[in-house]
Amino acid sequence: MDQPLLRPSAVLLLAIACFAAPAHAEETPLIDGGKLLLTNGVATIEGTSGGGVATWATITGRETDRGIGLSGHVTLIELPDYGWHSHGFAVGIANRVELSYARQNFDTRDVGTALGLGEGYTLNQDIFAAKLRLLGDVVYGDPLLPQISVGIEHKRNRDTPVALAVGAAHGKGTDVTLSATKLFLSHSVLVNATARLTKANQAGLLGFGAPGKDDHSLQFEGSVAYQLSRRAVIGAEYRTKPDNLAIAREDDWLDLFAAYALTKNLTVTAAYVDLGSIATFDRQRGGMLSAQFAF
């Protein structure tokens, strides 16, 4: 009688060895964490990767081009008459595609009574976003070629009746962004410029467009940052805004920020923000604090 080529025990040992050993000596972990610290940006108020109020061309997470990155954030903004809170998560795929979700909550506090909404009325919004890196790299490659990404942000206001009551035309809308970002590593300077097509009122919390002003307008977001060390960076951002609502002037946004990587996975950002006039209440200047976990 023919004998089996391998005994069952040998087959079992061979199977265990195949699963235990890497398929290839150069195999990269799925979550590789190979990016330089802070070069993945932090979470914006819309949940995309970037600065505080400006979207960058960066892709979230610490993955390189062969891994999957994950991030989550919580952001608080304290203003004289309002409170802002947002939280969300994002996925970066092969440093090429970013998918994100964020929930914004805007506490009107005493202003809610003045606006007829009731004290402490909170406006809410969901943001679903996607970003695609078209070419270039934030750090590597041609020093004069930035990383360029295109993005789309679909915003759904969860308080549409309020948005319509203040003069908005719609309760949901979609922004399109085109960003260019480059870190000049030898000078420790990062520069970003973003063009945004939008008709969002106060980023969408007061709806989108208005009767007679229902077209997307082109807005600008700019950022500059200086890296003090591998873990610390300071910078400033400016974001222009549409001014659609007849009853409430809308001003451009400004922030001065400092970010510090406490660990390779946890970054904390603190900022001074000037959001101008919001729903007829001027000089809305205050502080922002944000924490991001990234892998």
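No lab work stands behind these numbers, since they all come straight from the coordinates. Predicted model only: the values in this text are computed from it and were never measured. Positions of Cβ are backbone-derived with ideal geometry, glycine not excepted, and every protein chain shown enters the neighbour counts.
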Item to check | Cα-centred dipole magnitude for the chain, charges only on beta-carbon of K, R (+1) and D, E (-1), debye, nearest 20 | outcome: 380 debye
Checklist outcome for this item: Binned at 10 Å starting from 0, the alpha-carbon pair-distance distribution of the stretch 54-196 in whole percents comes out as 11, 31, 30, 18, 8, 1
Item to check | Lysine pairs in the chain with Cα atoms under 23 Å, if 8 or more residues apart or on separate chains | outcome: 19
Checklist entry - In the stretch 218-295, how does Rg compare with the Kirkwood Rh, expressed as the Rg/Rh ratio over alpha carbon atoms? => result 1.08
Checklist entry - With no solvent and one point on each alpha carbon, what is the Debye value of log10 I(q)/I(0) for the stretch 29-294 at q = 0.08, 0.13, 0.17 Å⁻¹? => result -0.30, -0.78, -1.30
Next on the checklist: From the C-alpha coordinates alone, can you work out the Kirkwood hydrodynamic radius of the stretch 155-217, in Å?
Outcome noted: 13.1 Å
Checklist entry - In whole Hz, what ³J(HN,Hα) sequence does the stretch 203-211 give by Karplus (6.51, -1.76, 1.60; θ = phi - 60°), x for Gly and Pro? => result 6, x, 5, 10, x, 9, x, 6, x
Checklist entry - Picking from H187, G209, V150, whose Cα lies most toward the positive end of the charge dipole for the stretch 140-216 (charges on Cβ: Lys, Arg +1; Asp, Glu -1)? => result G209
Checklist outcome for this item: Relative to the chain, whose Cα atoms define the longest principal axis, helix 8-20 and its Cα axis are tilted in degrees, nearest 10, by 40 degrees
Checklist entry - Arranged by the count of other C-beta atoms within 10 angstrom, fewest first, what order do R239, R230, R66 take? => result R230, R66, R239
